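Derivation of every value follows stated rules applied to the coordinates shown; laboratory data play no part. Because the structure is predicted, anything quoted here is derived from the model rather than measured. Glycine gets a Cβ as well: all are built from the backbone with ideal geometry, and neighbour counts include every protein chain shown.
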Amino acid sequence: MLDLNVYNKLNPEKGKLLITEPFLEGDYFQRAVILLCEHNEEGSFGFVLNNYVDIGLNHFEDIPEFDTKISTGGPVSTKNLYYIHTLGDKLKGSIQVHKNLYAGGDFEQLKTLMATGLVKRNEVRFFLGYSGWVEKQLEGELKHNSWLVSDISSVEEIMNVDYENIWNDYMERQGGKYKAFAHFPKNPELN
C-alpha cells in the first residue's frame, strides 16, 4: 500500500518553499507552493506562488501600468498588496529572503522604477494577502504531514508568474513516491 504522507528532510526557514501534500483542500492552499519569507520563534509568513486573482495592477490607484499577474498570497490581509523582487539594493528597505531574492522595500521608489521602465516583468511579483502562522503553528502542521519543505531550485522559477506547473515540478523533484504524487488527480475519485 502506498504511504500518502509527506515526510520532511528539511526544516522550515526563510528562503525555503512549502509544498502542500497532494490532497489538502481549500481555496488558498490546494496544491500550493509557498515561499517562506520569514520563519522564527514568533511565527512564519510567506506567499503562495501559484494561485492568481483576476485583477491587474490597474485596479489599484497610483500604480503605473505594468504587465504582470497578481497572486493570492494567502488568507491574511487580503486587501493589501505585497511584493517580492530581485532588485536588491536598488530598492531601499528590502529584506533579503534568499540569494538574489528580496521582499518589500520602498513602495514609492518601486513605483518610480516601474513608471520609468527600469523594472522588468520577471524582477517583481505582486501578491494580495499573505500566508501566516503564529508561534509553533507551522511546526504542528509539519508534524501532521500537511507540508513538504523544499529548497528553491532557481530564483527565476520563483519570479516567473507564467510558471503554471510549479507544484507538480517541485513535488516531482523530491523523487521517490513524490514523483507519483505530482501526477495524482486533484480529486482521487476521478482516477
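Would you please state which residues of region 120-148 a label at Leu57 would reach in this model, taking the label point 7 Å out along Cα→Cβ and a backbone N cut-off of under 18 Å? The answer is 120-129.
Anisotropy class assigned to region 1-66 is oblate, per the alpha carbon gyration tensor with a/c at or over the 1.5 cut-off and a/b no larger than b/c.
A straight line joining the Cα centroids of region 96-130 and region 144-185 runs 24 Å.
Taking 18 Å as the straight-line reach from the Cα of Lys99, the aspartates and glutamates in range (excluding those fewer than 8 positions away in the same chain) are Glu13, Glu38, Asp89, Glu123, Asp151, Glu156, Glu157. Using C-alpha pairs under 8 Å with a sequence gap of at least 6, the mean separation divided by the residue count of the chain gives a relative contact order of 26 percent. Here the dipole of the chain is about 360 debye; that uses its Cα centre as origin and unit charges on the Cβ of Lys and Arg (positive) and Asp and Glu (negative). Strictly over 29 Å apart at the Cα level, which of Lys14/Lys143; Lys90/Lys143; Lys14/Lys90; Lys79/Lys177; Lys90/Lys136; Lys16/Lys79 would you flag in this model? From the list (Lys14/Lys143; Lys90/Lys143; Lys14/Lys90; Lys79/Lys177; Lys90/Lys136; Lys16/Lys79), the Cα-Cα distance tops 29 Å for Lys90/Lys143; Lys79/Lys177; Lys90/Lys136. Taking θ as phi - 60° and the Karplus parameters 6.51, -1.76 and 1.60, the scalar couplings of region 92-98 work out to 4, x, 5, 10, 6, 9, 7 Hz in sequence order, x denoting glycine and proline.
Taking the Cβ of each residue in Tyr130, Tyr52 as the centre, tally the other Cβ atoms inside 10 Å and list the residues starting with the fewest.
On the way: Tyr130 21, Tyr52 15.
Least crowded to most crowded, the residues run Tyr52, Tyr130.
Kindly provide the helix-only [θ] at 222 nm of the chain, computed as the sum of -39,500 (n - 2.57) over DSSP H runs of four or more divided by all residues, to the nearest 500 deg cm²/dmol? My calculation for the chain gives -4500 deg cm²/dmol from helical runs alone.
With only the Cα atoms considered, region 17-190 has a convex hull volume of 120 Å³ per residue.
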